[in-house]
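Take a look at the structure below.
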Amino acid sequence: MAEINRRDAQRAERLKPISDVRLLISGLCALLLALSYSASAQQPKKVSRIGFLAATDPARESARSEGIRLALREFGYIEGQNIAIEYRYAEGKFDRLPELAAELVRLKVDIILVTGGDAVTRAAKNATKTIPIVMMGSASDPVEAGLVESLARPGGNVTGVTILNTELGGKRLELLKEAVPKLARVAVLYDPASPSNVFELKEVLPVAARALRLTIQPWEVRAADDLDRVFAAMGKQRPDGLYVLQGPVVRTNGKRIVGFALKSRLPSVYDRREAVEAGGLMSYGADLADSYRRVAYYVDKILKGAKPADLPVEQPTKFEFIINLKAAKQIGLTIPQSVLYRADKVIK
C-alpha cells in the first residue's frame with residue numbers, strides 16, 4: 001500500500017507542470033476574451049448624419065419633422081443615438097436655399113431630405129451630385145420638373161416620394177362643387193414663383209373647371225404683404241368658394257387665410273389636413289403619415305448601401321378626405337350627406 005501511494009505521489013508530481021500550463025493557457029484565453037469584449041464595447045457605434053432642408057420655418061415643419069422622426073424610429077433609427085439630423089429652414093426665402101443646401105454638403109451628411117417643392121429639391125441637387133437626396137413628397141411630377149430621369153429608374157442622386165398634389169387638383173375642385181352645389185366662381189390663391197402652383201392653375205384646374213361649369217379667378221400671392229390687398233379685392237368680387245394652392249407663403253400664413261375664409265363665409269378647399277384642423281372647410285390629398293413611413297424606408301435602404309438611382313420614385317397609395325363640420329356651421333353651409341359619407345375624417 002505504501003508503494004502504491006508513493007507511485008501516485010510521483011505521478012501527480014509529474015502531471016503538475018502540465019496542469020499549471022493548462023491553467024495558464026486558460027487564464028490567458030479568458031483575459032484575451034475580456035480585452036476583446038472591452039475593446040468592442042468601447043468602440044462608438046456609427047452615427048449617420050441626415051440633412052433636413054425645408055422651404056418654410058421650424059413651426060410650420062414641426063409636424064412633418066416629427067412624423068419623419070417617428071417613422072425612422074420604426075426602422076430602428078433614433079435621433080441622438082444612431083442618427084443625427086441637421087435642420088435647415090429657408091423660412092419662405094427661396095434665395096436662401098442654395099446657401100443652406102451648400103451648408104449641409106459641407107457637413108458631409110449621408111442623406112439630404114428635402115421638402116417644400118421643386119425649388120428645394122433643385123437647390124440640393126445643384127449643391128451635390130453624390131450625396132443621396134430623398135424627396136419628402138414632391139408636389140409636381142419630378143420627371144417633368146427634370147429632377148429624375150424616370151419614376152422607375154431615377155438615374156441620379158435623387159429619389160423619394162411624390163404626393164401628386166397638382167394631379168389631384170381636379171378632384172379637389174370636384175369635391176368642393178359636390179359640397180357646395182351652387183358653386184359657380186372659385187377664387188384660386190397661388191404663388192406665381194412656384195412652378196407646381198402655376199402648372200396646377202394653368203393646366204389642371206381649367207380642365208376640371210370646364211367639366212364642372214365653374215369660373216376660375218386667380219389671385220397672386222408673392223409675399224405675406226400681398227394678402228391684405230388680395231383679401232380686400234376678393235371681398236369686393238364675392239366668389240362662391242376659395243381654392244388654396246400650397247406654397248411657402250401660404251403655409252406660413254395658413255391661419256390668416258383660414259381666418260379670412262371663415263370671416264367671409266367662403267367654403268374653402270386645401271391639399272392637406274393641417275389647414276382643415278386650423279379651421280378650413282375641407283381637404284383632399286395624399287396621406288402624409290403614410291408618405292413619411294415611405295421616406296424612412298428610403299433612408300433605411302440608402303444607409304444600408306442602396307443607390308438612389310436604383311430606388312424608384314413612389315406615388316401615394318393612400319389618400320384622405322377631411323371635412324370640418326364646425327367650419328361648415330360657422331359659414332352657414334350644410335354639406336350633403338352623400339359627401340359626408342365619403343370623408344375619411346369629419347371634425348365636429
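The values are calculated or read from the model by the stated rules, or taken from the named source; none is laboratory data. Keep in mind it's a predicted model, so treat the numbers as computed, not measured. In this analysis, Cβ positions are derived from the backbone assuming ideal geometry, glycine residues included, and neighbour counts consider all displayed protein chains. These accessible areas exclude ligands, DNA and RNA; they are computed on the full protein's heavy atoms, side chains included. Shrake-Rupley method; radii C 1.70, N 1.55, O 1.52, S 1.80 Å.
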* Asked: Looking at (1) charged (D, E, K, R); (2) free of Cβ contacts under 8 Å to residues at least 12 places away in the same chain; (3) touching a Ser or Thr at 6+ places or on another chain (Cβ under 9 Å), which is the only condition D118 fails?
  -> (2)
* Structure fact -> The condition of being in contact with a helix residue (DSSP H, G or I) (Cβ under 6 Å, 6 or more places away or on another chain) and either charged (D, E, K, R) or in contact (Cβ under 8 Å) with a residue 40 or more places away in the chain (or both) holds, among K177, K202, only for K177
* **Test for A59: is it touching a residue at least 24 places away in the same chain (Cβ under 8 Å) and not in a strand (DSSP E or B)** => no
* Just checking, which of L151, L173 is touching a Phe, Trp or Tyr at 6+ places or on another chain (Cβ under 9 Å) and under 27 Å from L201 (Cβ atoms)? -> L173
* State which residue pairs qualify: first residue touching a residue at least 12 places away in the same chain (Cβ under 8 Å) and more than 15 Å from Y297 (Cα to Cα) and inside segment 309-320, second residue outside any strand (DSSP E or B) and open to solvent by 70 Å² or more (accessible area, probe 1.4 Å) in any location, beta carbons under 6 Å apart, and separation of 6 or more residues or different chains. => E320/D344
* **Matching residues, segment 184-204, being in contact with a Lys or Arg (Cβ under 9 Å, 6 or more places away or on another chain), assigned to a loop (DSSP other than H, G, I, E, B) and crowded, with 19+ Cβ neighbours inside 10 Å** => D191
* Structure fact -> Considering segment 332-348, residues that are touching a strand residue (DSSP E or B) at 6+ places or on another chain (Cβ under 9 Å) and either open to solvent by less than 30 Å² (accessible area, probe 1.4 Å) or among the aliphatic types (A, V, I, L, M) (or both), and then whichever is nearest to V258 (Cα to Cα), we arrive at I347
* **Residue that is farthest from T252 (Cα to Cα), among those in segment 101-121 that are in a helix (DSSP H, G or I) and in contact with a helix residue (DSSP H, G or I) (Cβ under 8 Å, 6 or more places away or on another chain)** => V105
* Taking only segment 157-183 into account, find how many residues are open to solvent by less than 40 Å² (accessible area, probe 1.4 Å) and not in a helix (DSSP H, G or I). => 13
* To do: State whether the residues of segment 55-70 include one that is within 23 Å of A306 (Cα to Cα), loosely packed, with under 15 Cβ neighbours inside 10 Å and not aliphatic (A, V, I, L, M).
  => no
* Out of the residues in segment 217-247 that are hydrophobic (A, V, I, L, M, F, W, C) and open to solvent by 30 Å² or more (accessible area, probe 1.4 Å), which is nearest to M282 (Cα to Cα)? -> W219
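Of L325, L303, which residue is farther than 26 Å from D228 by Cα and free of Cβ contacts under 8 Å to residues at least 60 places away in the same chain?
When all the criteria are applied, what remains is L325.
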* So how many residues does segment 330-348 have that are assigned to a helix (DSSP H, G or I) and over 27 Å from the mean Cα position of the chain (by Cα)? -> 6
* Got a sec? Which of L212, L242 is in contact with a Leu (Cβ under 6 Å, 6 or more places away or on another chain) and free of Cβ contacts under 8 Å to residues at least 60 places away in the same chain? -> L242
* Kindly indicate whether any position in segment 220-235 is among the charged types (D, E, K, R) and farther than 29 Å from R122 by Cβ. => yes
* Boolean, I85 is in a strand (DSSP E or B) and under 19 Å from I302 (Cβ atoms) -> yes
* Mind telling me which of the residues S291, S268, S283 ends up being polar (S, T, N, Q) and modelled with pLDDT under 95? => S291
* Asked: Looking at V143, V134, V120, which is the one that is surrounded by 14 or more Cβ atoms within 10 Å (Cβ to Cβ), within 26 Å of G285 (Cα to Cα) and over 17 Å from the mean Cα position of the chain (by Cα)?
  -> V143
